[in-house]
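Right, one structure below, let's go through it.
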Amino acid sequence: MSPNQEVYRYAFPDSPPHISYGIPFHESCAKHVSETFNAKRVYIIASGSLSRQTDNIKKLETALDGKVVGIRHGMTPHTLCSEALANDVSTVDDLINMHVNGLGDERSDMKAPTVPIISIPTSLSGGEYTRPGGATDDRNHRKQLFPSRGPLLVVLDPQLTTTTPDSIWLSTGIRSVDHCVEAMCSLESNPGADERATKGLKALVPGLLRCKANANDLDARLACQLGVIDAIGAVFFDKAPLGASHGIGHQLGPLGVGHGETSCIMLPSVCKYNAHTNPSQQSKVRNVFWQDDVVKQVLQNHGLQEQTADLGDCLKAIVKELGLPGRLRDVGVAEDKFDMLAENSLSDFCCKTNPIPLKEKEQVIEILKMAL
């Protein structure tokens, strides 16, 4: 791809969203607002740090040439219900009850949103490629999911991502690694999901290690951004079930643990917990790691040998090399939270589709203790 040449294509075969990369984010956004969506009014929701510490939001506003009708600067991670209130909704209960009728049954007359969304991600968690939305109940810290249209266009600009703190960039990258690993380790995976997740791992893991070594390696950053698409595709398009790293991680997030840090902490322990149930699946993931020269060198530098190191060991070494938190104690989560975490986790569907289905609080607590 030559400099300043846009690539514009579907992220997934014949399925939205489209992706755009190769030109600066503000040029791409302005082009598609006018030419693709024929939009006259644009509302921007922007990262608080991006708004405060860079001129990128001003660049975007200038490129949109008078179309901007409002800007929201910053949202709390995991989207608190109290911050999602709008229009005639004035309480968290109002927001939660929007999708039920007076009898408490789910409404059948809810219409899909029609306003097109353009996402310009600066992290690697991949939510922009999924349709479900989510919000966290402020009162009990429980995350709730709901159907959503999702973005119609995702603009990728590796230069823009250099404004993202390394800890967020790298940890959300491990979140996408988590998508790949749990997809491949599922007892109900399929060849399509395995192929796509393998491709994602081959881009993400060495890409993240290269980003750690050189934060200005734009080729590595773009490789990671494209790897996210395969990670999400394995789960949402090839329908590989996820497991307990996601299920427990969903409940850790509302306690203040970063979205990607939940995967850094839980995935190695979950893999060790499942190891006797899905050894062949875990072996496939291990082989992807050991066959890459960049990853292999890191694993060996951490004292691991291919014949003896299990998948959990490999993941721990990668997380440590990236300088990310690997234990619950590193993020201030102590045993006094385990009972609540276990109870909330059991209601998460991903815990039910774990290779060893989690049905009892004691199972979740065992994994949490492994990660402490």
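The values are calculated or read from the model by the stated rules, or taken from the named source; none is laboratory data. Worth saying up front: this structure is predicted, and the values here are computed from it rather than measured. FYI the Cβ positions are ideal-geometry reconstructions off the backbone, even for glycines, and counts take in every protein chain you see.
Summary table
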{"read-out": "Residue match in region 81-102 (condition: assigned to a strand (DSSP E or B), among the aliphatic types (A, V, I, L, M), at pLDDT 85 or above and exposed (fewer than 15 other Cβ atoms within 10 Å of the Cβ))", "value": "no"}
{"read-out": "Neighbours by Cβ (under 8 Å, 6+ apart or cross-chain): first from region 318-343, on the phi > 0 side of the Ramachandran plot; second in a helix (DSSP H, G or I)", "value": "323/166; 323/167; 323/170; 323/212"}
{"read-out": "Selection within region 233-260 - in contact with a strand residue (DSSP E or B) (Cβ under 8 Å, 6 or more places away or on another chain) and part of a helix (DSSP H, G or I)", "value": "233, 250, 251, 253, 254"}
{"read-out": "Output for region 313-351, where each listed residue is of a type in the set (Ser, Thr, Tyr) and surrounded by fewer than 20 Cβ atoms within 10 Å (Cβ to Cβ)", "value": "347"}
{"read-out": "Residue ranges of helices (runs of 4 or more DSSP H) in region 112-224 with at least 3 members farther than 17 Å from residue 19 by Cβ and not basic (Lys, Arg)", "value": "166-185, 191-213"}
{"read-out": "Residue 262 at pLDDT 95 or above, surrounded by fewer than 19 Cβ atoms within 10 Å (Cβ to Cβ) and among the β-branched types (Val, Ile, Thr)", "value": "no"}
{"read-out": "Residue check, residue 284 more than 18 Å from residue 172 (Cα to Cα) and in contact with a Ser or Thr (Cβ under 9 Å, 6 or more places away or on another chain)", "value": "yes"}
{"read-out": "Pick from region 189-233, criterion among the acidic types (Asp, Glu) and surrounded by fewer than 24 Cβ atoms within 10 Å (Cβ to Cβ), ranking: farthest from residue 158 (Cα to Cα)", "value": "194"}
{"read-out": "Qualifying residue in region 57-73 (condition: surrounded by 15 or more Cβ atoms within 10 Å (Cβ to Cβ), assigned to a loop (DSSP other than H, G, I, E, B) and touching a helix residue (DSSP H, G or I) at 6+ places or on another chain (Cβ under 7 Å))", "value": "yes"}
{"read-out": "Any hit, region 292-310, residues being in contact with a Lys or Arg (Cβ under 6 Å, 6 or more places away or on another chain), of a type outside the set (Asp, Glu) and surrounded by 15 or more Cβ atoms within 10 Å (Cβ to Cβ)", "value": "no"}
{"read-out": "Residues (under 12 Å from residue 245 (Cβ atoms) and not in a loop (DSSP other than H, G, I, E, B)) located in region 340-363", "value": "345, 350, 351"}
{"read-out": "Counted residues, region 1-53 - those being exposed (fewer than 15 other Cβ atoms within 10 Å of the Cβ) and part of a helix (DSSP H, G or I)", "value": "5"}
{"read-out": "Pair list, Cβ under 8 Å, 6 or more apart: region 11-34 residue closer than 22 Å to residue 68 by Cα and in the same structural domain as residue 132 (by TED's automatic domain parsing), other residue buried (at least 21 other Cβ atoms within 10 Å of the Cβ) and of a type in the set (D, E, K, R)", "value": "24/157; 25/157; 28/157"}
{"read-out": "Condition met for residue 76 (exposed (fewer than 14 other Cβ atoms within 10 Å of the Cβ), assigned to a loop (DSSP other than H, G, I, E, B) and either of a type outside the set (Phe, Trp, Tyr) or modelled with pLDDT under 75 (or both))", "value": "yes"}
